[in-house]
Amino acid sequence: MSSIKIECVLPENCRCGESPVWEEASNSLLFVDIPARKVCRWNSLTKQVQRVTVDAPVSSVALRQSGGYVATIGTKFCALNWEDQSVVVLAAVDKDKKNNRFNDGKVDPSGRYFAGTMAEETAPAVLERHQGSLYSLFPDHHVKKYFDQVDISNGLDWSLDHKIFYYIDSLSYSVDAFDYDLQTGQISNRRSVYKLEKEEHIPDGMCIDAEGKLWVACYNGGRVIRLDPETGKRLQTVKLPVDKTTSCCFGGKDYSEMYVTCARDGLDSESLLRQPEAGGIFKITGLGVKGIAPYPYAG
């Protein structure tokens, strides 16, 4: 095993940092701060960070094939032009649920933007249950709804052969799998591939590595865990110096670095003294495994 190194590369003080995604073209990490309504782009070469503020909580960001980005803002799928900081609404969901917002989102291998909703929290992980749904925005901008009764729609990714869709509804404490049809975007046959242990707390954001194993950020657990979705076994635990780890992605040169986002909201002053880097962006090197490039939205 190579020695693992964990460093806070950006002390951003995010209230709730989320949705890290690597943009190879600019050697940058994109991420959001949900309640601060900010989309951020950190250049790993210059160490500069740029921020765009939007008009509602922004929960995920993704690359767009035609340039710029897409993001989930409030209950809308939006296109984001970085140069002039303009936002164009592509589609809206949950119009009957005024208290809802999107949460985590990610683009599938054929360019559809998947994202799920949840009720606004009254405190971290405290909310009206079963108010969310899972959706995807197709390249032609039509929206498909997959299922409802979701608590906190969270981590998502696809197997390397694109035949399985992995998904987390946080308060189920489970990482689930579905059979996936890449041609149609249909999902079926839901099952659990991993149930979290008590000390792992709440499963949040997730990504897949080049060996087909899943990495899950554990909110309140202060760690990312590596899982084998075929055996249901945990292979590795990497602990971070912050409790509220929210999501993870691979990036950097040949996708050999892992970036982890986290949150400050919900920490009392004593906890903040104990973890001054809470809300920062962390880089983990020496994992001995690489990730894969993110897919861009095709619409």
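The values are calculated or read from the model by the stated rules, or taken from the named source; none is laboratory data. This structure is a prediction, so every number in the text was calculated from the model and none was measured. Because the Cβ atoms are built from the backbone with ideal geometry, glycine has one as well, and the counts that use them run over all protein chains shown. Surface accessibility is based on the protein's heavy atoms, side chains included, excluding ligands, DNA and RNA. Shrake-Rupley method; radii C 1.70, N 1.55, O 1.52, S 1.80 Å.
Summarising the amide proton neighbourhood of Val193: residues at separation of 5 or more, or on other chains, whose placed amide H is nearer than 5 Å comprise Val175, Asp176, Ala177. Computed from Cα atoms alone, the Kirkwood hydrodynamic radius reported for segment 116-184 is 13.0 Å.
Averaged over residues, the count of other Cβ atoms within 10 Å places the peptides 233-246, 26-39, 178-191 in the sequence 26-39, 233-246, 178-191, highest first. Rounded to the nearest 20, the size of the Cβ-charge dipole of the chain about its Cα centre is 120 debye, with Lys and Arg at +1 and Asp and Glu at -1.
How much accessible area per residue does segment 1-132 have, in Å², with a 1.4 Å probe?
Working: 5780 Å² over 132 residues.
Per residue, segment 1-132 has 44 Å² of solvent-accessible surface.
Between Leu45 and Gln149, the simple spin-label model (points 7 angstrom out along Cα→Cβ) gives 5.1 nm. Each residue, Ile292 and Glu197, gets one label point 7 Å from its Cα in the Cβ direction; the gap between the two is 2.8 nm.
By its C-alpha gyration tensor, with a ≥ b ≥ c as the square roots of the eigenvalues, how is segment 47-125 shaped: rounded for a/c under 1.5, else prolate for a/b larger than b/c, else oblate? It is prolate, given that a/c is not under 1.5 and a/b is the larger ratio. Our coupling estimate for segment 157-173, obtained by passing each phi through the Karplus curve with A = 6.51, B = -1.76, C = 1.60 and θ = phi - 60°, is 6, 10, 5, 5, 8, 6, 9, 10, 10, 9, 8, 10, 9, 3, 7, 7, 6 Hz, Gly and Pro reported as x.
In the chain, the DSSP-assigned H stretches of four residues or longer account for a calculated mean residue ellipticity at 222 nm of -500 deg cm²/dmol, using -39500 (n - 2.57) per stretch and the full residue count as denominator.
For segment 154-205, GluC sites (Glu not before Pro) are listed when DSSP marks them as loop and at most 16 other Cβ atoms sit within 10 Å of their Cβ; the list is Glu197.
Quick one: which of 160-173, 87-100, 9-22 comes out on top by average Cβ neighbours within 10 Å, and what's the full order, highest first?
Ranking, from highest mean packing down: 9-22, 160-173, 87-100.
Modelled this way, with points 7 Å down the Cα-to-C-beta line, the labels at Gln186 and Asp161 are 1.9 nm from one another. Pull out a ≥ b ≥ c, the square roots of the eigenvalues of the alpha-carbon gyration tensor of the chain, then state rounded if a/c is under 1.5, prolate if not and a/b is larger than b/c, and oblate in the remaining case. Rounded. For the pair Asp55 and Glu120 in one chain, pulling the backbone fully straight at 0.36 nm per residue adds 21.8 nm over the alpha carbon distance.
Please give the net charge around Trp158, taking every other residue with its beta carbon less than 12 angstrom from that of Trp158, where Lys and Arg add +1 and Asp and Glu add -1.
On the way: positive: Lys106, Arg112, Lys163; negative: Asp108, Asp157, Asp161, Asp179, Asp181.
Cβ neighbours under 12 Å give a net charge of -2.
Comparing Ser136, Ser59, Ser269 in a Gaussian network model of the chain (Cα springs below 10 Å), the most mobile by mean-square fluctuation is Ser269. Computed in the context of the full set of protein chains, the accessible area of the chain at 1.4 Å probe radius has 47% of its extent on carbon or sulfur.
Computed over the Cα atoms of segment 148-299, the ratio of the radius of gyration to the Kirkwood radius (Rg/Rh) comes to 0.97.
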